[in-house]
Amino acid sequence: MSNEKEYKVYVENRQLVIPGEVLAEGDIEVTSPFIYRLGNRWYSSIIGLVDVQDNKLNIIPLEGYYFPKVGDLVIGLVIDIGITNWIVDIRAPYKALMNASDVLNRQFNPIQDDLRRYFDVGDYVLAKIALFDRVHNPVLTLKDKGLGKIVSGKIVEIAPSRVPRVIGKRRSMLNMLIEETGCDIVVAQNGRIWINCKDEQLEDILILALKKIELEAHTTGLTDRVRNFIREEKSRRGIE
C-alpha cells in the first residue's frame, strides 16, 4: 500500500486569495492557522498570499493582528499595574499578564514589594508567552536569557503579518539589515522591533528600511532592493 498522501491544490503559488476561497482538498499538510477545513476541502480565512512548497500549504497574511502562541517572543508595553501583576499590551485581542512572582523569582509580598520599582506604566518589556489557552489571558515570563525591561534603543512597530518577511528565510533579511547598518535588532512575533544603533542617522535609515519591507512584503527580490536602499541612503548622508 502506498503511504503517499492524496490531495489536489486549486490555487497557484503566490496567488492572492480571499476569505472563504477554496485552496485544496485531500490530505495536504497545512502549516497556517488561517486555513480551515470543511469536509475534504481547505479554505482561506483571510486575505493573503498562498505559499505551496514541499507538499505544504501556507498563507502569508497581508493584514491582521497578532495571535499569541506559547513560546513566542514578544515586546510588551506595560499599561496598568494590578495588586500582584502588570497588565501588558502585546498588540493582540487579549491583554497579557506578567506576574510579580515570575519577575521577582520568589513569592510576592504586597506589603514589602512595590511593583513600580520594577516596571511602571509606559515601560517596554521583552518577554515570552508562557501560557495561553484562549480562555484566560496570555501569561508572560521573563525566565529566559536576555529577557527583561528594555531601557535603551527604540521600538519600531510593523504589521505582525510582516514579521516573517523582516526575518527572511534562514534569517537572510535580518542578517542583511544587521550587517548593513551595524545595529542590534530584536524582532518580536507581535510586530514590535527593538533596535539599537550607534548613531541617529543609521537609526533613521534602519527605520525607513523596515517600513519599506512592511510596505513591499508581498513582492519578490525584496532583500536585494532593501540592501541597495540602505547603501544609497548611507551614501547620500555621507556614512561609510
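Values quoted throughout were computed directly from the atomic coordinates according to the rules given, and no laboratory measurement underlies them. Since this is a predicted model, take the numbers as computed values, not measurements. Neighbour counts are summed over all protein chains in view; Cβ atoms, including those assigned to glycine, are modelled from backbone coordinates with ideal geometry.
Go through A100, F67, Q53 and say which Cα lies farthest out towards the positive end of the charge dipole of segment 1-109; charges sit on Cβ, +1 for Lys and Arg, -1 for Asp and Glu.
A100
Which of the three applies to segment 154-236, rounded, prolate or oblate, going by the alpha-carbon gyration tensor with a ≥ b ≥ c and a/c under 1.5 meaning rounded?
Here segment 154-236 falls in the oblate category.
Name the residue from T219, L206, N190 whose Cα lies farthest towards the positive end of the charge dipole of segment 170-240, charges +1 on Cβ of Lys and Arg and -1 on Cβ of Asp and Glu.
Of T219, L206, N190, it is T219.
Provide the FRET efficiency to the nearest 0.05 for the D133-E232 pair, computing r from the beta carbons and using R0 = 45 Å.
Values: r = 48 Å, r/R0 = 1.06.
With R0 = 45 Å, the Cβ-Cβ based efficiency is 0.40.
Rank these for me by crowding, E240, E25, E12, going from fewest to most other beta carbons within 10 Å. List each step's numbers first, then the result.
On the way: E240 4, E25 16, E12 8.
In increasing order of surrounding Cβ atoms, one gets E240, E12, E25.
In nm, to one decimal, how far is the modelled label at Q53 from the one at Y94, with both set 7 Å along Cα→Cβ?
The two pseudo-label positions are separated by 3.0 nm.
Provide the FRET efficiency to the nearest 0.05 for the F108-R171 pair, computing r from the beta carbons and using R0 = 45 Å.
0.75
Roughly how many Å is it from the Cα centre of segment 99-141 to that of segment 164-240, as a whole number?
If you average the Cα positions of each part, the centres end up 32 Å apart.
Select from N99, N85, N109 the residue whose mean-square fluctuation is largest in a Gaussian network model of the chain (Cα-Cα springs shorter than 10 Å).
N109
Would you mind checking segment 35-79 for residues with the amide N under 13 Å from a putative spin-label position 7 Å along Cα→C-beta of V22?
38-44
Most mobile of V11, V88, V226 per a Gaussian network model of the chain (Cα springs, under 10 Å)?
V11
At 7 Å along Cα-to-Cβ for each site, give me the label-to-label distance between N13 and I207 in nm.
According to this spin-label approximation, the distance is 3.7 nm.
Put +1 on the Cβ of every Lys and Arg and -1 on every Asp and Glu Cβ in the chain; which of G146, L23, P160 then has its Cα farthest towards the positive end of the dipole?
Of the candidates, G146 comes out farthest on the positive side.
Take F119, F108 and order them by how many other Cβ atoms sit within 10 Å, fewest up front.
On the way: F119 21, F108 16.
Fewest-to-most ranking of F119, F108: F108, F119.
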